[in-house]
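Take a look at the structure below.
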């Protein structure tokens, strides 16, 4: 296997942190944080990346940088599009110039969440929110500018590093005796470990692929199975209690509510199920159930209490 020169963007985020740990298997990793490569300013990003490439031209670019404040995006549309659309275009243009492959992450929010069938890569995208629209525009910009691209759409990302739903539920369960959690949005919590491992497998599989290879493109990557935010919260709280966490709320005191009872600035898709047959068929990757990833995170968070 070739020893790659890997440029990792968004290294301080929850996914970027995990990617930094595992991409080392493939070669030398140079990780740039927001301070070093600011996606909020596409012109400055271009200058920073060109300066970086003066000393080492990457063979692989992995972009975990994104504007992910879904609700704030409704009033910060310009910033969301600068980060998720315009800067993605800059990155794709430079990756193509360098002859590098580009791995980029997108979201189930590009879909409107209608129906109950898992979303396929070929389905029409109709985002409900500014965030979803900015991510979809970013996908298009990458596809137009860098033939050697892998866009991995995922859902409900969770990891031990950074903020996420799992940690929010643990905090609230420690503070309150009852919780009310949405029960009519369905998806699969997908761990950063799973996403990082899949990324490594795909880079290895595509390292010698020409730009004309039909395997480049968009893939859905999510853990197996499905759940609601409500059942997910119950699983997290029960699992944390079993690992020694001291909580005021237990799983039975997490009550289901409908999305309409918890209004937010940005609409959420009700159906975030992702059809992952394409990536499984093409690259023979294994996607364990969502419980496997969530339980591993709980083990990590509470290992000191159980040891």
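The values are calculated or read from the model by the stated rules, or taken from the named source; none is laboratory data. As the structure is a computational prediction, the values presented were derived from the model and not from experiment. As a convention, Cβ positions derive from the backbone with ideal geometry for all residues, glycine included, and neighbour counts pool all protein chains shown.
Of note:
- Residue 189 being crowded, with 23+ Cβ neighbours inside 10 Å and touching a residue at least 12 places away in the same chain (Cβ under 8 Å): yes
- Selection from the range 146-156 of residues that are in a loop (DSSP other than H, G, I, E, B), under 20 Å from residue 203 (Cβ atoms) and in contact (Cβ under 8 Å) with a residue 60 or more places away in the chain: 147, 148
- Residue match in the range 50-57 (condition: buried (at least 20 other Cβ atoms within 10 Å of the Cβ) and either at negative phi or touching a residue at least 40 places away in the same chain (Cβ under 8 Å) (or both)): no
Quick grid of which residues meet (1) modelled with pLDDT of 95 or more; (2) in contact with a helix residue (DSSP H, G or I) (Cβ under 6 Å, 6 or more places away or on another chain); (3) under 25 Å from residue 184 (Cβ atoms):
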| position | (1), (2), (3) |
| --- | --- |
| 235 | yes, no, yes |
| 250 | yes, no, yes |
| 253 | yes, no, yes |
| 256 | yes, yes, yes |
| 270 | yes, no, yes |
| 279 | yes, no, no |
| 286 | no, no, no |
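- Given (1) modelled with pLDDT of 95 or more; (2) surrounded by 15 or more Cβ atoms within 10 Å (Cβ to Cβ), index of the condition residue 214 fails: (2)
- Total residues in the range 17-43 satisfying the condition of being more than 18 Å from residue 138 (Cα to Cα) and assigned to a helix (DSSP H, G or I): the figure is 10.
- Residue 246 vs. criteria farther than 26 Å from residue 16 by Cβ and outside any helix (DSSP H, G or I): yes
- Qualifying residue in the range 195-212 (condition: farther than 15 Å from residue 149 by Cβ, in a loop (DSSP other than H, G, I, E, B), touching a residue at least 60 places away in the same chain (Cβ under 8 Å) and within 24 Å of the chain's Cα centre (by Cα)): no
- Applying a threshold of 7 Å to beta carbon distances and a minimum spacing of six or more residues, or different chains, the list of pairs starting in the range 228-257 at a residue that is on the phi > 0 side of the Ramachandran plot and crowded, with 16+ Cβ neighbours inside 10 Å and ending at one that is part of a helix (DSSP H, G or I) and at pLDDT below 95 is empty.
- Residue check: residue 260 meets all listed conditions (1) surrounded by fewer than 21 Cβ atoms within 10 Å (Cβ to Cβ); (2) touching a helix residue (DSSP H, G or I) at 6+ places or on another chain (Cβ under 6 Å); (3) part of a helix (DSSP H, G or I) but one, namely (2).
- Residue in the range 166-184 that is within 13 Å of the chain's Cα centre (by Cα) and crowded, with 19+ Cβ neighbours inside 10 Å present: no
- Complete set of residues in the range 58-69 that are touching a residue at least 60 places away in the same chain (Cβ under 8 Å) and not in a loop (DSSP other than H, G, I, E, B): 60, 62
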